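A.B. asks: Mind having a look at this structure? Questions to follow.
The values are calculated or read from the model by the stated rules, or taken from the named source; none is laboratory data. Fair warning: this is a prediction, and the values are worked out from it, not measured in the lab. All Cβ positions, glycine included, derive from the backbone under ideal geometry; neighbour counts span all protein chains shown.
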Amino acid sequence: MKMKLSTFTLIAAAAFSLAACSQQAETSVPADAVQETASADAENSVQTLTSSDGKINIVIQNGNFEDISHDPATLPDGITEEELTLLQHDAGRNISIYVANLGTPKTDAKSYFNNLKTALESTEGLSEVQTGAATDTRMNYRFVQNNDAGDMLRENCISIYETNLYNVCASSTSAPQEELAGVLKEVNLVN
């Protein structure tokens, strides 16, 4: 995936409006208790991402993903705009997630997953390639490659074989593979 993602700066409008006030509102709840509650809520949040075709749901614990599909510079390598059905980025964790609908399979699942594994292992420029055991409908895989900026880009993906082929991937130049696998822990095909 191209990592020409601009760093997102999140600015809380409430902070500006409070800073503009000359008086501080009184409350019966101590300020540090409010801050602790907000932190606990953020740590226990659940975010559900749904592909634009409604076929893939990704449930993420403690995610703060935002849609970046409007930026053509963030389009993953080898994926067309027509294939891309979800592209989200969590700036705080520097993780991007995408879903691609690759169309109708041209072979059976076993052949497809064997060919995918062979292609990953033989593609020049990929390192640390690992493929999981394929089931009838899924195969996990991960690898590392250099992106356009020369950074090491880690990708963790799930290939889903159903009526259509779907690729669901999480990538980052800084997050470890285990964290990427964690954001893809609950990927569901919607029938």
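A.B. asks: Strands (runs of 3 or more DSSP E) wholly in segment 79-191 with at least 3 residues that are polar (S, T, N, Q) - which ones?
C.D. replies: Working: elements: 84-90, 95-103, 127-131, 138-146, 152-161, 165-172, 186-189.
So the answer is 127-131, 138-146, 165-172.
A.B. asks: Let me ask you something else. Condition test on residue 79, is it touching a helix residue (DSSP H, G or I) at 6+ places or on another chain (Cβ under 6 Å), under 16 Å from residue 157 (Cβ atoms), surrounded by 11 or more Cβ atoms within 10 Å (Cβ to Cβ) and modelled with pLDDT of 90 or more?
C.D. replies: Values: touching a helix residue (DSSP H, G or I) at 6+ places or on another chain (Cβ under 6 Å): no; under 16 Å from residue 157 (Cβ atoms): yes; surrounded by 11 or more Cβ atoms within 10 Å (Cβ to Cβ): yes; modelled with pLDDT of 90 or more: yes.
No.
A.B. asks: Scan segment 41-61 and report the pairs whose first residue is surrounded by 12 or more Cβ atoms within 10 Å (Cβ to Cβ) and modelled with pLDDT of 95 or more and whose second residue is in a strand (DSSP E or B) and among the acidic types (Asp, Glu), with Cβ atoms within less than 8 Å and a gap of 6+ or a chain change.
C.D. replies: Sorted first by the residue in segment 41-61, then by its partner, the pairs are 58/186; 59/186; 60/186.
A.B. asks: Scan segment 82-97 for residues that are more than 12 Å from the chain's Cα centre (by Cα) and over 23 Å from residue 119 (Cβ atoms) and jot them down.
C.D. replies: Within segment 82-97, just 92 meets the criteria.
A.B. asks: Another question, if that's okay. Quickly run through segment 42-76 and pick out the residues that are within 19 Å of residue 155 (Cβ to Cβ) and among the β-branched types (Val, Ile, Thr).
C.D. replies: 56, 58, 60, 68, 74, listed by residue number.
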